[in-house]
1. Inside the stretch 20-34, can you point out the residues that are touching a helix residue (DSSP H, G or I) at 6+ places or on another chain (Cβ under 8 Å) and either small (Gly, Ala, Ser) or at pLDDT 95 or above (or both)?
2. If Pro118 meets every condition in (1) in the same structural domain as Asp305 (by TED's automatic domain parsing); (2) surrounded by 17 or more Cβ atoms within 10 Å (Cβ to Cβ) apart from one, which number is that one?
3. Could you go through the stretch 146-162 and let me know if any residue there is under 19 Å from the mean Cα position of the chain (by Cα), among the charged types (D, E, K, R) and not assigned by TED's automatic domain parsing to the domain that holds Glu100.
4. Among the residues of the stretch 80-93, write down those that are assigned to a strand (DSSP E or B), in contact with a Leu (Cβ under 9 Å, 6 or more places away or on another chain) and not hydroxyl-bearing (Ser, Thr, Tyr).
5. List pairs: first residue in the stretch 28-41 and on the phi > 0 side of the Ramachandran plot, second residue not hydroxyl-bearing (Ser, Thr, Tyr) anywhere in the structure, Cβ distance under 8 angstrom, at least six positions apart or on different chains.
6. What do you reckon, is Gln221 not in a loop (DSSP other than H, G, I, E, B) and not assigned by TED's automatic domain parsing to the domain that holds Pro146?
7. Looking at the stretch 206-223, I want the residues that are of a type in the set (S, T, N, Q) and have a partner that is modelled with pLDDT under 95 with Cβ atoms under 8 Å, at least 6 apart or on another chain. Which pairs are those?
Amino acid sequence: MHVLSVDLGTSNTVAVLAAHGRQPRVVEIDGSATMPSAVFAAEDGSLVVGKDAERRARLDPSRFEPNPKRRVDEQQLLLGDRVITVIDALAAVLYRVGEETVRQLGGQRPDEVRLTHPAQWGELRRAALVRAARAAGLGHNLLLVPEPVAAAAHFASFPGKALAPGQALAVYDLGAGTFDCAVVGATQNGYSVLAEAGLPDLGGLDVDQALFEHVGRQISQYDPARWQRLIRPQETADRRAQRALREDVKAAKEALSRHPQADVPMPEPFEDVLVTRPELESLIRPSMLRSVELLAATVRGAGFDPNRLAGIYLVGGSSRIPLVATLIGESLHVVATSLDQPETAVALGAHHVSREGIAGRTQDYPRHAPAPWPAPQQPQHPGPPQQPGFPPGHPGGPPQAFPQPNPGYQQAPAPAQPAARRRPGNRTLIGAGAALVVVAALVVGGLFLFDGSGKTVDAAECGNLGAQRDSEGFTDCLRQLAGGIGGQGSCNSAQGKNPAPIAVTCRVDSGAHTLSYYQGSDTPEVPDGPSGDNKEITAKWQGNGLTGDYTAGNDESGKAVLEFSVQGRPIAGKVVAGADKDPNKLADYFEQEVMPGS
């Protein structure tokens, strides 16, 4: 079995492969164990990633995003004259990992892909990571592993470091974009996150910025106008100079972890600057103290004394800074541990976590054999041309197992379309026999969103039962919920046949599924499901600016039925399968085909 683990970091991505019964090894990409998580939007419409993206950034920094993961909460990125989604940026990075993995496996694809994520990431961020992996073509067998759980497993894999059930390990993770800490407890089957915390405004990038500003204070007085052009570039030449200077500052910071001093090459007319480790430590000591104090509070919050821990494990590239271990020793009176390379610890550790032993905000996507996932679709609106490149299967082209991700979206709202969805790993199984009830939520005034055509929809309009309808019976509010459904003569108004004042019914897939959309104060209720082995499935969904819950199960006749509600709006929907009676398959169908595109 081939297992690929990927730690998509803020600045660098690490992939680890266990194949052919051998020990896990780091997948070198472009000759390095770490690949920059950077993205460059080329003029031909392609997305360039990794070291190639950093090289292209020298030519046009405005088209470059060095840290797309740090912008995971944003919908879109403006790179030069192009607007791309954050999902596509992350997918491009993951695609490169998959491409290299398939090459090293001789054309085979991994049987399982494990994706690590910060323990504090909520449902929406984890769903974004899964969508990016789907769009990158990383297969159907995806497993999400919290980063501190993977770190604990890596720590315990070393001789003499095994964690017995009941023991706990503190993980100090200082990456490029954020600081995270957690207390991970060992159980009979695996690991569980007992406590967690983090600082979103502290990471290696902030250390770089502090040193950059320190250098500026040393030399800016010699030519204030030139320095202002460097820190606020308006022309390509100035952006290139700033980019080069920031890379040199970062290199000097890394050198200070090994040496007492380092030089920072400066562009003309400035002279080179010598920086020392004491200077850097004085700049970052307050920030590092914040992280150590938060670590101590997290350990206490988990009910542990630092001396009773199995250890404090340092992971993340920026944990190499000597001041980190010094402050931990001074504050907690414990010698922190760093094993192997801190950049690769999380990806390597993900391989040592058993599927049955993962706990603490871990999602398995999916828990049953899924239907084949469709390749990512191109936007239905005009977009930049694809890079011609080589055809699939050619030595210079992409492998067939990993389709090229969507190159990005234009600024105008795109027509709604089916897209890669969050898989049923988030579903909760409830005992059979419980009623499936869709509850309409209250209207949230003042919220403006888009329907499938790009038209703005005021949330208050959903409460207007006299709203104008189109030829198929949809109001603007219902059309936003329906997304790409309809428009082909498959839908018609069902007013008077359903409990809701406004209802539309659609028959799709040659009548294999019936979709109903409701608007109004009343919503349908599905009769109790049959008793026995049948289970009901509940999960959250999001798309097209809407969020809500759905529930799938069997009605009293045995049909598979799924109902979904919308948070903040009196609208709902229902999906009924014709022949298939498996609620799990119906939930898959809803997530892949019915859920409105985001």
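The values are calculated or read from the model by the stated rules, or taken from the named source; none is laboratory data. Here the structure is a predicted model, which means the values were calculated and not measured. Don't worry about glycine lacking a Cβ; one is built from the backbone with ideal geometry, like all the others, and counts go over all protein chains shown.
1. Passing the criteria: only Ser32.
2. (1)
3. Within the stretch 146-162, none of the residues are under 19 Å from the mean Cα position of the chain (by Cα), among the charged types (D, E, K, R) and not assigned by TED's automatic domain parsing to the domain that holds Glu100.
4. At the first step, the residues of the stretch 80-93 found to be assigned to a strand (DSSP E or B) are 82-85.
Retained after the next criterion (residues that are in contact with a Leu (Cβ under 9 Å, 6 or more places away or on another chain)): 83-85.
Those that are assigned to a strand (DSSP E or B), in contact with a Leu (Cβ under 9 Å, 6 or more places away or on another chain) and not hydroxyl-bearing (Ser, Thr, Tyr): Val83, Ile84.
5. Short answer, once both residue conditions are applied: Asp30/Gly50; Asp30/Lys51; Asp30/Asp52.
6. Numbers: not in a loop (DSSP other than H, G, I, E, B): yes; not assigned by TED's automatic domain parsing to the domain that holds Pro146: yes.
In short, yes.
7. Cβ pairs passing all conditions: Gln218/Val273; Ser220/Trp227.
To keep it simple, each residue is scored yes or no on (1) within 22 Å of Ala128 (Cα to Cα); (2) buried (at least 24 other Cβ atoms within 10 Å of the Cβ); (3) aromatic (Phe, Trp, Tyr).
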residue: Gly548; (1), (2), (3): yes, no, no
residue: Gly553; (1), (2), (3): no, yes, no
residue: Glu556; (1), (2), (3): no, no, no
residue: Ala560; (1), (2), (3): no, yes, no
residue: Gln567; (1), (2), (3): yes, no, no
residue: Ala572; (1), (2), (3): no, yes, no
residue: Ala577; (1), (2), (3): no, no, no
